[in-house]
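Data first, discussion second: the structure below is written as structure tokens.
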Amino acid sequence: MAAEAKLSHTAAMILQAVNAGWVYGFSIMEMTGLPSGTVYPAMRRLERDELIRSQWEQQSIADAEQRPPRKYYKLTRAGKLTLESSRRRYPLLAKLIPSQEEERV
Amino acid sequence: MRPRLALACHLFCLGSIRCVSLLVPGYQREEWWREWRSELWHVRQACAPERGISWAAEHEVARFCLGAFQDALCLRRHAAPRRIPHATTMGSAMQCILLLAGLAAISYGIALLLPGVSAILHSPHYRDAQNLMLIRDAKYSGDSIPTISTEQYQLWNLRRQEIFDGFSYYRVAFESVLNAKNVKAERRIAVASPNLFALLGLPIRFASGEAQGEMPQLILSNEMWKNEFGGDPHISGRLVRVGQRDAIVGGVAPAESWRLPGKVDAWLLEPDAAGIADGMGFVVAHLKASPLHAQWGRSWHMSAPKPDGSLDDFFCVSLTERTRGCGDVFLFAVLLACLALPATTSLPLGEYRLSSRKLSWPKRLRRWCFLGSKIALLLPIVYFVSLDLAHLRATLDPISSEYIQLVSSFSICLFGLRWALRDQRQRCPVCLGKLTHPARVGQPSRTFLAWNGTELICVSGHGLLHVPEMPTSWFSTQRWLYLDSSWEVLFAEPSLASASYF
């Protein structure tokens, strides 16, 4: 996958949200305000283009919290590079979706 | 405890997502279902109240579930085999060749169905037609009038000949013939010398091959055989009353085979040439093979003795013109079309850099083979379609049919050759796919500063074709621009070629 791929603003928002620590679909929806019909297909494409990768939560953790396990998403190296270029293209991206640590501060 | 209504809503949402999961490709379905089930649980936890039911929350959950449908469709779209671009299917070289082959087969099939065309296709050739001479009295201008007397023919036939090695004579007269139903009808009968068909080299269908003795032999025309004798294949050997005498049917002449003067329904071959009644008829003679005779050409005059001992002038004309088949008309039309072609389109196929690494020798050869195949398939299409048009109506006379064939052959051939060249120019020299996405480039007002015209692209990414709007001394013909490997990324991932993800 070419790291220089130009993302749309929506895709960049989702990538920024994943990078900011919103690592599962519903949380990304909540953070970005995008509908599920936009977020999930976008994440499929980002994963197909190897900008993000997914991983299932361990069953034991989910059992301990009495809920079904979640599928978490994480940025790849190519995803980070693409996000960097997207931030230059969309300078307000980081302000729109700050990282969870920044939010706590 | 959650009320039953809330539980029903939850089950309905789960059921809907499960149904939607059927849209997801099989190998992704279970994981997709697992993720959406988990997400739905979390959405419900976040939106729905602890107790009771909130319609606003259910509305939110339902909206979330609707997204599953779009997600499933997206996965399905990506998993589907990539559609082959239009240029490599509809415009592929193989499809073009198959289409032309199909057209050739259809036109040939129609030709076989039309009786007139079928007869022409299967009509026999005259043996050594260029040395077969039709002799007439030089006092007459046309050769459709009988000008040679029976006496004259017998004189020539008996004399030792220096120029000819065989004579045949026939005289057309109306005679009554008893047909299969014993009905007497007046028919045009050519009373001829016994060697007429042998001299012309025409085969006789259903001939028994047995000697018929002293009885004259009746050779039926194909039309008479069908109309009067019901197309009986066992007609040979039957006794038929012709005029005042009996004749034995010797066979049937092939359809459309008679090209000599006089319309004839049957030929009565007298066993002895002396038996032919006096009158005026036609003489066909076979020229001896000699280099000197070959120099005389297709028509010439000769002086020959008459029965009274005086010399008379006779005109000999070769049967080449008369026995000319439809193929000659077709070849003439093709020649005319080839001459007219440069007036309708430019002949060069454009400029192609020969040093390109992409255009190997076999690919270049394949390109020329493709053009050759198109033209090779085009010619039978032109031939059969023109024959079909010329003989569509059985009532048309041969001259009209010949004109129709000439005009239609010329028109179709010219159009076809023009199409073959234009089609070749609009194809990628590498994959032979049809070029697409024409784009206007430049401005006519800037012709002298830069080129303006149309740019076409090969969807497989092999290159661009630049066609000038106005040919100039520096850009006279279309140019092909090969794209190097740096462009391949555009064509390898069609989805990335689009501006964005959404």
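Coordinate-derived values only; no laboratory data. Fair warning: this is a prediction, and the values are worked out from it, not measured in the lab. No Cβ is skipped: glycine too gets one built from the backbone with ideal geometry, and neighbour counts run over all protein chains shown.
Other residues lying with their Cβ under 15 Å from the Cβ of residue B:293 contribute a combined charge of -1, Lys and Arg counting +1, Asp and Glu -1. Under 12 Å between alpha carbons, and skipping anything fewer than 8 positions from residue B:181 in its own chain: which aspartates and glutamates qualify? The qualifying aspartates and glutamates are B:228. Just to confirm the number: angle between the C-alpha axis of helix B:361-390 and the first principal axis of chain B, 0 to 90 degrees, nearest 10? Rounded to the nearest ten degrees, it is 50. If you take the alpha carbon atoms of chain B and fit the smallest convex hull around them, that volume is 310 Å³ per residue. Quick one: angle between helix B:93-113 and the longest Cα principal axis of chain B, in degrees between 0 and 90, rounded to 10, please. Around 40 degrees separate the two axes. Over the protein assembly as shown, the alpha carbon radius of gyration divided by the compact-protein estimate 2.2 N^0.38 Å works out to 1.74. Once the Cα atoms are used to define both axes, helix B:55-79 deviates from the longest principal axis of chain B by about 40 degrees. Straight-line cross-link partners of residue B:434 among the lysines, defined as a Cα under 24 Å from its Cα and at least 8 positions apart when in the same chain: B:358, B:363, B:374. Residue A:55 sits among other residues whose Cβ lies under 9 Å from its own Cβ, and their net charge, with Lys and Arg +1 and Asp and Glu -1, is +2.
Annotation: the antiparallel percentage among DSSP beta bridges lying fully within chain B is about 85. FRET efficiency for the pair residue B:112 and residue B:395, taken as 1/(1 + (r/R0)^6) with r the Cβ-Cβ distance and R0 = 22 Å, rounds to 0.60.
Need the list of lysines near residue B:306 for cross-linking: C-alpha distance under 23 angstrom, and skip anything on the same chain fewer than eight residues off. The reachable lysines, counting only those whose Cα sits under 23 Å from residue B:306, are B:139, B:288.
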